[in-house]
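Below is one structure, written out as structure tokens, with a few remarks after it.
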Amino acid sequence: MPVTLTAALLSSADPRPAQVTLSGVAAGAIFEVVGTTADGSRWTIPGGAGVSLGGQLVLIDSRTALNALITYQAVVDGVTYAAVPLTVSYAGPGVGVVQTIDGLRKAGVEIASLTEARKSNTRSSTFEIAGRSDPAARLDVPGSFSYSWQFDTQGADSVAMEEILRTGRPIVRRLPPGMRDLKPVVLGIVTDWGDELISDGFDTWRRFSLTVREIGDPQPSSALIAFTWRDFDDAMADRVWSYHSLFPSLANWAAANGALSLVTAGGYLTPNFARATASAAGAAVDVVESVYTAAAKTLGDAVTPGSTYTVTVRVKGTAGRSASALLKWSSGAVVTGAPVTLTGQWQQVSVTGVAPAGVNGLASGARMAASGVAANDQLDVSAPTISAGSVVPVGSFDELFTTWDQFDAADWSLL
């Protein structure tokens, strides 16, 4: 499976976070994912450095430069891969933002310092030795910069700035590239700060003066995954959390030994579902896609020989009949899973298969076994899902969780 890197904007905040997806990295490979801009700026992404466990890595970057094209790059075992550039827009207030390290709190700021004084130290030491005119020396790499920052804020942004500073946690300054030679993304620890009103009358402009020591990411292997429910849905859209089809119509679906119809009420968590009415007795009834999926939304990557895929569907129908999930390869070969006895209630069935040589796509569906089938028997199919690997998704996100506490308490080994 080839290594791919994609980037897209989420919609939970302003500025909008970026979702970066790294796929196809073999287990044990060393990787690093960074954001870059044309002026040479470069910053790390939370969770963007480590050793791959295989599969897909979804990262959230809430520390981007602003109002400039951003190219995400992944270095995997020394080879560089790039995503299609995107722009994180910010219209204010202020020319930039100061935020918490996780991006959950932010303040719009104007830059008040004309010089942005900064200093570093060599961290090298000398030691006098009796009988020698020259000292012994201990050499070390230079320390990171210590900055003197000044920001002007007004109203709600002044309140937000004070809340951020009072957390005592690292902060991030984000600016558009090209503001003199200022670094657009700086992560740092505030060592001291003060503020004062700088306007007359009833105006509320306040100047914050900060001393900040630049640091690296304190948890470079910890990914930020979501800020809101919508973020989680967006982040997981290319995994197993969305349905392959919600049957808006019967386009690209067909039935074998059955007349196919669209039912617009009573589907599994969604109104629509497909119904096949048996044409003849004693023959299996299939509901299956009539086109092959080369790269389903829920897969993230193309279908490739040797890889494992799982089809999960919900079925109901004529009581007493037997039904199972169906996976049809682009070669025409069909695989079915463990059957269930149909009732009037929706049941989940699944099938897992390894793509044979020469296969470049698959189709999902369900089959009602031939035994006992009579004309006009019914097979109903709803909520098909295609997922990579052999793990059967246990439901959509809204089925699984209604609060963040439930999300935190979940046993992720089962998902």
For residues in the stretch 292-303 being surrounded by fewer than 19 Cβ atoms within 10 Å (Cβ to Cβ) and under 18 Å from Gly332 (Cβ atoms), which is modelled with the lowest pLDDT?
Ala294
Only residues in the stretch 1-26 that are at pLDDT 90 or above and assigned to a strand (DSSP E or B) count as the first member; pair them with residues that are crowded, with 22+ Cβ neighbours inside 10 Å and among the aromatic types (Phe, Trp, Tyr), Cβ under 8 angstrom, at least 6 apart or cross-chain, and list the lot.
Leu5/Tyr72; Ala7/Tyr72; Ala18/Tyr72; Val20/Tyr72
Listed by first then second residue, the pairs whose first member lies in the stretch 266-280 and is over 18 Å from Asp377 (Cβ atoms), whose partner is surrounded by 20 or more Cβ atoms within 10 Å (Cβ to Cβ) and aliphatic (A, V, I, L, M), with beta carbons under 6 Å and at least 6 positions apart or on separate chains, are Tyr268/Ala383
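Could you list, in sequence order, the residues of the stretch 303-317 that are in a strand (DSSP E or B) and not small (Gly, Ala, Ser)?
Here is the first cut: in the stretch 303-317, the ones in a strand (DSSP E or B) are 308-317.
Thr308, Tyr309, Thr310, Val311, Thr312, Val313, Arg314, Val315, Lys316 - these are the residues of the stretch 303-317 that are in a strand (DSSP E or B) and not small (Gly, Ala, Ser).
Filter the stretch 248-291 down to the residues that are of a type outside the set (A, V, I, L, M) and in a strand (DSSP E or B), then identify the one that is surrounded by the fewest Cβ atoms within 10 Å (Cβ to Cβ). Working first, answer last.
In the first step, residues of the stretch 248-291 are kept if they are of a type outside the set (A, V, I, L, M); the result is 248-249, 252-253, 257-258, 261, 264, 266-268, 270-273, 275, 277, 279, 282, 286, 289-290.
From the residues that got through so far, the ones that are in a strand (DSSP E or B) too are 253, 258, 261, 273, 275, 277, 286, 289.
Working: Trp253: 22, Gly258: 25, Ser261: 13, Phe273: 26, Arg275: 20, Thr277: 18, Asp286: 21, Glu289: 21.
Within the stretch 248-291, the match that is surrounded by the fewest Cβ atoms within 10 Å (Cβ to Cβ) is Ser261.
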In the stretch 363-415, residue modelled with the lowest pLDDT [restricted to those that are charged (D, E, K, R) and more than 16 Å from Val315 (Cα to Cα)]
Asp411
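Sort out which residues of the stretch 17-74 are hydroxyl-bearing (Ser, Thr, Tyr) and within 24 Å of Asp181 (Cα to Cα), and write them in order of number. So that I can check it myself, show each step before the final result.
So the first thing to find is which residues in the stretch 17-74 are hydroxyl-bearing (Ser, Thr, Tyr), and the list is 21, 23, 36-37, 41, 44, 52, 62, 64, 71-72.
Across the stretch 17-74, the qualifying residues are Thr36, Thr37, Ser41, Thr44, Ser62, Thr64, Thr71, Tyr72.
Pick out the one residue from Ser113, Ser148, Ser89 that is modelled with pLDDT under 90, polar (S, T, N, Q) and either surrounded by 11 or more Cβ atoms within 10 Å (Cβ to Cβ) or outside any loop (DSSP other than H, G, I, E, B) (or both). Outline the logic, then answer.
Numbers: Ser148 fails: modelled with pLDDT under 90; Ser89 fails: modelled with pLDDT under 90.
The unique qualifying residue is Ser113.
The rows are residues; the columns are (1) polar (S, T, N, Q); (2) crowded, with 17+ Cβ neighbours inside 10 Å; (3) farther than 30 Å from Thr36 by Cα.
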position: Thr122; (1), (2), (3): yes, no, no
position: Glu128; (1), (2), (3): no, no, yes
position: Pro135; (1), (2), (3): no, no, yes
position: Asp140; (1), (2), (3): no, no, no
position: Glu163; (1), (2), (3): no, no, no
position: Arg173; (1), (2), (3): no, yes, no
position: Val190; (1), (2), (3): no, yes, no
position: Gly194; (1), (2), (3): no, no, yes
Restricting to the stretch 88-131, give me the number of residues that are within 25 Å of the chain's Cα centre (by Cα), aliphatic (A, V, I, L, M) and closer than 19 Å to Ala68 by Cα.
4
Could you run through the stretch 63-84 and say how many residues are out of contact with any Lys or Arg (no Cβ under 9 Å at 6 or more places or on another chain) and either assigned by TED's automatic domain parsing to the domain that holds Gly188 or within 14 Å of Arg174 (Cβ to Cβ) (or both)?
3
What about Val349, is it surrounded by fewer than 23 Cβ atoms within 10 Å (Cβ to Cβ), outside any strand (DSSP E or B) and under 29 Å from the mean Cα position of the chain (by Cα)?
no
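Please go through the stretch 1-41 and pick out each residue that is over 28 Å from Gly108 (Cβ atoms) and among the charged types (D, E, K, R). Break it down into steps so the answer makes sense when it comes.
Residues of the stretch 1-41 over 28 Å from Gly108 (Cβ atoms): 1-6, 21-32.
Residue satisfying the conditions is Glu32 alone.
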Could you grab the pairs with beta carbons closer than 6 Å, sequence gap of 6+ or different chains, first residue in the stretch 327-349 and farther than 26 Å from Leu269 by Cα, second one among the aliphatic types (A, V, I, L, M) and outside any strand (DSSP E or B)?
Trp329/Val359; Ser330/Val359; Ser331/Val359
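The values are calculated or read from the model by the stated rules, or taken from the named source; none is laboratory data. Given the structure is predicted, the values throughout are model-derived calculations rather than measurements. Cβ sites come from the backbone with ideal geometry, for glycine too, and all protein chains shown count toward neighbours.
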